[in-house]
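Every read-out reported here was derived from the displayed coordinates using simple, explicitly stated rules and does not represent laboratory data. From a predicted model like this one, the values you see are computed outputs, not experimental measurements. Heads up, the Cβs are rebuilt from the backbone with ideal geometry, glycines too, and the neighbour counts pull from every protein chain shown.
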Amino acid sequence: MILSILSSRHAKFLIVAAVLVLAAVFFVFWRPGKSADALPFGFDIADVHSGPVIRVLLFDKLNKCMFRVESDFELLDDNDVMLCRFSRTRGDVYAVCDANGWQIGTESYRPGNISIMPSDGIFTLNGQRFRGRLKLIADVNSGTFQAINYLPIEQYLAGVIGAEMPDYWEFDALQAQAVAARSYAMHITRRFGVSRNYDLSRTQANQVYAGIAAESTRTILAIKKTLGTVLTYRDGKEQRQILPAYYASVCGGHTEDAAMVFGEQAGVVPGVRCRFCRYVAQKEFYKWPPVEYDINDISRRIIARYSSLKKLGDIKQILIKRASDYGRFQRITMVRLTGSDGVSDALLRGEDFRLAVDPTGNKIRSAAFDIKIENGKALFYKGRGFGHGVGLCQCGAQRMAAKGADYRKILRHYYPAAKLEKIY
Ligand SMILES: [Zn+2]
């Protein structure tokens, strides 16, 4: 319209001028964008060696394993003396151990522990890729061996965060998870590492570690942004200690004091109200459906896990000995099992009891339930949450982050007695 009342020469001039003005505005205000999720150029988690080296049990009681290394690597003895240097393996190589020593590919080596040290810091064991080095620890009595992964803690965390939390979740939830996982790993290492060949297992018994397959840009960035940051508390002797920063999937509305589930010092990881996970967790995990077991089946499962409880004979009664009452629900922290004679009995922690009955945790999803025994059947009902419910509630953390809380605030909520400290 406007153009039609101007001469065509004027119109051309105006269009060219407008384009030039827009281009000028674009160049003045546009800056090459840096996504919030982008790692700095050249950053590689493989170069991060700060913090302690962690020993993770990858496999136990092996008779043989299959490994592959895509770079030059060294084979070391138990004193880290080099036995042999190899160029990359051609495909998978079998390692077999017996009383006479090791058979690795076509070569034989004398008995003892051995390590495989890849020059690029990556190896594949039984089809899964890991960072760091692989140590094989032989047990002469059983003729089996353990496969243990040695690697810097931050590289270890890169294989944990994405295995424990979806990597597309809120960035502050991922950072809170990184700090909790780092603290937990260091606590378990200091507490149990001295008395065994490894610091942590790679299952839910500790925290899930899936190696390189679990890594992603966002989880590595969450690790980088919280590098060396842990939760600490003061112990009875006023010494600063790394917090046993337990965490679980869905608390169901209230977390549990670590003293009630793991026997930690009371109040170090206290129970707190959580109004958040209900908005993130699937309904059947926030409140799980009733599940019924034959009481004989329960007896069998408990004895399979705790052979010392054979003395009870068939379990006749299961009573709640101790539970935390959170108003709308309870979490059972101790049960009393009564045997076939009606007199002999045993106490079992609520978490141990539910995992003995349902080791998968798929049906009895937490120890937050009520139990009713009738006609030889035990009914687990009023179930709430998924996991042990101690410490950070992962679904709760996601909701808090989505509502604007940063990772420090999330950690302060779930670990109110702890302090955040950057220790390296
Ligand atoms: Zn929760």
(request) Based on a Kirkwood Rh over C-alpha pairs, give the Stokes-Einstein translational diffusion coefficient of segment 82-229 at 37 °C and viscosity 0.692 mPa s in µm²/s. (result) 195 µm²/s
(request) Can you tell me which of 253-260, 183-190 comes out highest on packing, and rank the rest after it, using the mean Cβ neighbours within 10 Å? (result) 253-260, 183-190
(request) List the residues of segment 74-88 whose backbone N lies under 16 Å from a point placed 7 Å from the Cα of residue 140 along the Cα-to-Cβ direction. (result) 78-79
(request) Can you tell me the relative contact order of the chain? Whole percent, Cα pairs under 8 Å, sequence separation 6 or more. (result) 15 percent
(request) For residue 403, go through the aspartates and glutamates and keep the ones whose alpha-carbon is under 14 Å away, minus same-chain ones fewer than eight residues off. (result) 170, 172
(request) Using only the alpha carbons, work out the radius of gyration and Dmax of segment 239-383 in angstrom. (result) 16.0, 54
(request) May I ask you to list, by number, the DSSP H helices of the chain whose Cα span along the axis is at least 24 Å and whose average Kyte-Doolittle hydropathy reaches -1.0 or more? (result) 8-29, 171-192
(message) Please compute the alpha carbon radius of gyration of the chain, then divide it by the globular-protein estimate 2.2 N^0.38 Å. Two decimals is fine.
(response) 1.27
(message) Taking 20 °C and 1.002 mPa s as the conditions, I'd like the Stokes-Einstein D for segment 366-407 in µm²/s, using the Kirkwood hydrodynamic radius from alpha carbon pairs.
(response) 169 µm²/s
(request) Would you mind listing how long segment 53-152 runs along its three principal axes, going by Cα atoms, in whole Å with the largest first? (result) 34, 28, 26
(message) Report the gain in length on full extension from residue 362 to residue 283: 0.36 nm times residue separation, minus Cα-Cα distance, nm rounded to one decimal.
(response) 27.0 nm
